[in-house]
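Have a look at the structure below before the remarks.
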Amino acid sequence: MQTIHSIPDLRAAIRALRAKGKRIAFVPTMGNLHAGHLALVERAKRSADAVVVSIFVNPLQFGAGEDFDSYPRTEERDAALLAEAGVRLLFLPSVEALYPHGQAGCTRVMVPELSDILCGASRPGHFVGVTTVVTKLFNIVMPDVAVFGEKDYQQLTILRRMVRDLDMPIELIGQPTEREADGLAMSSRNGYLSAEERAIAPGLYRTLCAAREALRAGQAPALVEAEAIERLHALGFVPDYVSVRRAGDLAHAVVGEAGGLRILAAARLGRTRLIDNIEA
Ligand code: PAF
């Protein structure tokens, strides 16, 4: 595996792969890799000849007071895991390399509406930061296919919309969420949890599963959501939202709608904001 820090060097390495006729899969990450990321890499390997991974903690997608500074940076360990997983190129740019003129005046890419609901409502500007950096990374790597985790289901939906709206010739693949044995969705932010919080955390997934059962039993989405919020409070979470949405466009589910639904949730546990979602 070759580790590359500059955009021109990465472009040259990609050109060399292209000259050999290689199909390229791309997995963008913020590092601190866990089994969920490695599943994305495995999926990428199955769909192309060469896998490119980026590690970049993108300041543009963190709000004021969020965890940009404390976000875990474990690049040496990450690089060893990616080399072992058979990744061809690791792109590790600095903030200055990606935002040479600063962030304030940087051109933004925005997917309206979808970026303002659910997590976008409590993290204003977050998804604009994501779509902007992913567009930049796509323009640098120019992959045939890119793999994202379904754990960030709203992010995946927004990126699918962006690729479609901007006619980007890139196939997006969503990879199912990897879970710990007790059901907790794998996330770099799980490392923030205290032992006591870690014991409570799988309650988020269990709450989603109970909501799915209630929906399947014919309960109205609004009632399912209200009961799930109550359950999260009782477990010790501070819930942000639990919402039953149409899987394709994240529109609200209507009473009696069955199939093609997704239940999404976000909740705080101490200082940690956890998100999860399941197919309904
Ligand atoms: O999902 C993530 O880790 C990030 O949002 C992404 C897609 C790498 C963009 O910074």
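The values are calculated or read from the model by the stated rules, or taken from the named source; none is laboratory data. Keep in mind that this is a model prediction, so the values were computed, not measured. Virtual Cβ from ideal backbone geometry, glycine too; neighbours counted across all protein chains shown. Note: accessible area is taken over every heavy atom of the protein model, side chains too, but ligands, DNA and RNA are not part of it. Shrake-Rupley method; radii C 1.70, N 1.55, O 1.52, S 1.80 Å.
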For the range 4-98, what is the largest minus smallest coordinate of the Cα atoms on each principal axis, given in angstrom and ordered from greatest to least? 46, 30, 20
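Counting only C-alpha contacts under 8 Å and six or more residues apart, can you give the relative contact order of the range 39-97 as a whole percent? Present the calculation step by step, with values, prior to reporting the outcome.
Numbers: 41 pairs, mean separation 30.9, N = 59.
Here the relative contact order equals 52 percent.
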Pick from 141, 163, 27 the residue whose mean-square fluctuation is largest in a GNM of the chain, springs joining Cα atoms under 10 Å. 163
Can you run phi through the Karplus equation (6.51, -1.76, 1.60; θ = phi - 60°) for the range 29-46 and list ³J(HN,Hα) in whole Hz, with x for Gly and Pro? 9, 10, x, 6, 5, 9, 4, x, 5, 5, 5, 5, 5, 4, 5, 4, 4, 6
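Placing +1 at every Lys and Arg Cβ and -1 at every Asp and Glu Cβ, with all other atoms neutral, what dipole size does the chain have around its Cα centre, in debye to the nearest 20? All intermediate terms of the calculation are to be shown ahead of the outcome.
Values: 32 positive and 33 negative charges, 152 e Å.
Taking the Cα centre of the chain as origin, the dipole is about 720 debye.
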What are the ³J(HN,Hα) couplings of the range 150-164, residue after residue, when phi is run through the Karplus curve with 6.51, -1.76, 1.60 and θ = phi - 60°? Round to Hz, x for glycine and proline. 6, 4, 9, 5, 5, 4, 4, 5, 5, 5, 4, 5, 4, 4, 5
So what is the calculated 222 nm ellipticity per residue for the chain, using -39500 (n - 2.57) for each DSSP H run with n of 4 or more, over all residues, to the nearest 500 deg cm²/dmol? -11500 deg cm²/dmol
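Taking a cut-off of 23 Å, what percent of all Cα-Cα pairs in the range 165-280 are separated by more than that? Walk me through the intermediate numbers first.
On the way: 2220 of 6670 pairs.
Pairs farther apart than 23 Å: 33 percent.
If each residue of separation counts as 0.36 nm, what is the full-extension length gain between residue 271 and residue 67 once their alpha-carbon separation is subtracted?
On the way: separation 204, 0.36 × 204 = 73.44 nm, distance 0.98 nm.
Here the answer is 72.5 nm.
Grab the beta carbon distance between residue 210 and residue 116, set R0 = 30 Å, and tell me the FRET efficiency rounded to 0.05. Could the numbers behind the result be given before it?
Working: r = 28 Å, r/R0 = 0.94.
For residue 210 and residue 116, the calculated efficiency is 0.60.
When the chain is fully extended, how far beyond the present Cα-Cα distance does residue 199 get from residue 165, taking 0.36 nm per residue of separation?
Details: separation 34, 0.36 × 34 = 12.24 nm, distance 4.21 nm.
Between residue 199 and residue 165, full extension yields an extra 8.0 nm.
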Averaging over every viewing direction, what projected area does the convex hull of the Cα atoms of the range 98-253 cover, in nm²? 11.0 nm²
Taking protein heavy atoms only, a 1.4 Å probe, and rounding to whole percent, the accessible area of the range 1-63 owed to carbon and sulfur comes out at 50 percent
From the Cα centre of the range 16-41 to that of the range 80-98, the distance in Å is 9 Å
List the residues, sorted by chain then number, that are 5 or more residues from residue 171 or on another chain and whose placed amide H is less than 5 Å from its amide H. 145, 146
Tell me which residues come under 5 Å, amide H to amide H, from residue 179 once H is placed; ignore anything under 5 positions away on its chain. 186
Per-peptide average of other Cβ atoms within 10 Å, ordering 10-22, 204-216 highest first: 204-216, 10-22
Just subtract the alpha-carbon distance of residue 35 and residue 222 from 0.36 nm times their residue separation and send over the number in nm, one decimal. 63.9 nm
Per the 1/(1 + (r/R0)^6) rule, R0 = 22 Å and r from the Cβ atoms of residue 2 and residue 106, FRET efficiency to 0.05 is 0.20
So if we plug the beta-carbon distance of residue 139 and residue 47 into 1/(1 + (r/R0)^6) with R0 = 22 Å, what FRET efficiency do we get, rounded to 0.05? 0.60
Phi-based couplings in Hz for the range 258-269 (Karplus 6.51, -1.76, 1.60; Gly and Pro marked x): 10, x, x, 10, 9, 9, 10, 8, 9, 7, 8, 10
Quick one: give the max-minus-min coordinate of the C-alpha atoms of the chain along each principal axis, largest first, in Å. 56, 40, 39
Rounded accessible area per residue of the chain, 1.4 Å, Å²: 46 Å²
Residue 15 label point, 7 Å along Cα→Cβ, cut-off 17 Å on backbone N: hits in the range 136-172? 139-143
